[in-house]
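Please read the structure below before turning to the comments.
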Number of protein chains: 2
Amino acid sequence: MIILGIDPGTISMGYGVVRVDGDKVELLAAGALNCQAKLPLARRLFQLHTELDKLVVRYAPSEVAIEDPFVAANPRSALAVGRAQAIAMLVAAQHGLPVFTYTPAQVKQAVTSYGGSSKEQVQEMIRLTLGLPQPPQPNDAADALAIALCHQRQTYLNRLVETGPERKP
Amino acid sequence: MIILGIDPGTISMGYGVVRVDGDKVELLAAGALNCQAKLPLARRLFQLHTELDKLVVRYAPSEVAIEDPFVAANPRSALAVGRAQAIAMLVAAQHGLPVFTYTPAQVKQAVTSYGGSSKEQVQEMIRLTLGLPQPPQPNDAADALAIALCHQRQTYLNRLVETGPERKP
């Protein structure tokens, strides 16, 4: 299974693509789609839609995980996150892919087993999980990978609960 | 010139289409795109995108006006408004149409000459301006028409300022 994780922003949209096989996870791609902040918002959203669509065509994920802050710092940032989320969700729906959303606390909890962990702790866990020489850059890419890994853990745990662990002799 | 006005919402997206000739305005269409609230959000956004795209193809507006609350009631509603705005802006950008945004106070000011007027006063002015037997229904359609009319007034005034009023002998 290939998971696309998205950290939604209208200036920089982080993405992380991982291939999952049970509890094994492999990094396929990570980065950030950047828009010129000077461009009109509608043009930025159009660019993000086009670039995100290319990513989905290229990596053919089967599931998309998106960060959804239950509360935002302020209404202006909530508007911006909502806009970026909508573009990501639309691309997923246009490709018939299911969308899963996680709060920042759920992502931290899943990746580091502690909902209040720091950004650095999350990045270090991503580095270790994916066997990377250093944490992925930029920060939005690391955040997107954390969301993808959160979905992988959640899916893996759900399946364990449903089927029970494989017994080894 | 044909203007498409949008009142952004992810359950109900109001739209109003008017044909403008100087200070004359004619109603072409108004209504609301409704989604089943039970559908997953990504599916709703996909539906809204598809329906809005059909509207743009059908009425071929040259400009799109969208409501943009500078502050929202709360972060959750700001997220929802942001998502709906993004879909409307994306459709406009995909058709190469310029997007204009107006705050609710700007819309009221433009339509009724008073930024604090009530919903009923706005609706009555829309009815009078468009020569309708009764205010357009549902409310989201009336709100969208108010946004389209706000943009028409703004465009008309801007042109007056640029070129001066036509003198009549």
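Here are the numbers for the structure shown:
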item	result
Among the candidates A:V107, A:V111, A:V91, residue that is surrounded by 22 or more Cβ atoms within 10 Å (Cβ to Cβ), over 13 Å from the mean Cα position of the chain (by Cα), more than 7 Å from chain B (Cβ to nearest Cβ) and on the phi < 0 side of the Ramachandran plot	A:V91
Sole residue being surrounded by 22 or more Cβ atoms within 10 Å (Cβ to Cβ), closer than 24 Å to A:Y156 by Cβ, touching a strand residue (DSSP E or B) at 6+ places or on another chain (Cβ under 7 Å) and not aliphatic (A, V, I, L, M), chosen from A:E67, A:E63	A:E67
Search result, residues across segment A:88-107 that are at pLDDT below 95 and not in a helix (DSSP H, G or I)	A:T103
Scope segment B:71-87; condition more than 8 Å from chain A (Cβ to nearest Cβ) and either touching a His at 6+ places or on another chain (Cβ under 9 Å) or part of a loop (DSSP other than H, G, I, E, B) (or both); matching residues	B:A73
Selection from segment A:11-63 of residues that are in contact (Cβ under 8 Å) with a residue 24 or more places away in the chain and in contact with a Cys (Cβ under 7 Å, 6 or more places away or on another chain)	A:I11, A:R44, A:L48
Test: residue in segment B:86-101 that is hydroxyl-bearing (S, T, Y) and farther than 15 Å from A:V81 by Cβ	yes
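The values are calculated or read from the model by the stated rules, or taken from the named source; none is laboratory data. In this text, all values refer to a predicted model and were calculated from it rather than measured experimentally. We place every Cβ from the backbone using ideal geometry, glycine too, and count neighbours over all the protein chains shown.
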